[in-house]
Amino acid sequence: MNSDILQKAVKQGIINSQQYEQIMNLSAQDDTPTVYKGDREKLKFLRNFGDIFISIGIILFVLTARHLSDQNTLLQFGSIISLLLISEWLAGIKKQLLPSMTLLLALLFSMHELASRLFPLESSLSALLIAAVSLLFYLRYKLPFSLYPVAASLIALFFQFSGLSVMDHPHIIFALGVLVFIAAMWFDSRDPLRQYRYSDNAFWLHLLAAPLLVHGAMIQHILNPHSSHEYTTLYIALMLAVFFMLALFIDRRALLVSSFIYAIYLVFQFTQQQFIQLDNILSYSLMAVAVFIMFFGTYWYRIRSLIFASLKGTKVSFYLPPFEYKTHE
């Protein structure tokens, strides 16, 4: 049941607020099993080529404005104000998602340039501005992509203020990834059918959480000179299996995308051990990973349904996309 349409119906007097509540309650109590066809991870931000065309125009505008304002702070302020006005038009009125994302990135880039010029010694100011502007952009236009730079800049601020090295503290990277992952799952749990803005918010947070989790869990074992080769290989294989099962469970493939580099490393090491005389080991490793991607990309939902069939109807299933799925495979 689309609550946004019902809210518009209330505003237009088609139904009253009491009827709205009754419809929403009925929808929440509906226990009819839902079987889906299609892909639950559709890229909603790209509707047609017109969005790409407008985004190219925004990029050209920003590059031209940067060139003109290279030595003029006043013109740089003017370009930022222009971007804000264009945002009000394309993001606020037209609701065009890809142009809105491009506008936000252009705005963040311009703000970073201005902050670097006015306060060259304050390296943390840019990250703070990115977090603030992105959050305001989200609150004003409800653009899910805005949450990605908010979370990413807050993580950058944490490392800047703490003085910790990213490479020397992978366990902290992993912990931050867990926090972002929890935030993403909170949004996902509010929209398990992947119909509204909550799941779009979760998508971008999962996209940020995935590399933090994967790299935080694995990089220390690859770079650790004291770890044996056999232990490192076994650990990576085990973690890849864990991330694969987690990605299947929550129906988010971002974890697998971030794991590909480690999968290539694992296949490379295995091939090198078993077939030391074989030429083009890296090419064969890439081919093995490519076959894995094609197979599981094609039968993702069928495999998910088979593995987690026993969870259908359990309490946890109410917070995740349905495990029942019929595709056109």
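Points worth noting:
- Packing, taken as the mean count of other beta carbons within 10 Å per residue, orders the peptides 77-88, 192-203 from highest to lowest as 192-203, 77-88.
- Ordering of 243-253, 207-217, 314-324 by burial proxy (mean other Cβ atoms within 10 Å per residue, highest first): 207-217, 243-253, 314-324
- Base-10 log of normalised Debye intensity for the range 132-273 (one unit scatterer per alpha-carbon) at q = 0.21, 0.22 Å⁻¹: -1.25, -1.32
Throughout, read-outs are computed from the coordinates displayed, never taken from laboratory work. Bear in mind that the values here come from a model prediction, so they are computed numbers and not experimental data. No Cβ is skipped: glycine too gets one built from the backbone with ideal geometry, and neighbour counts run over all protein chains shown.
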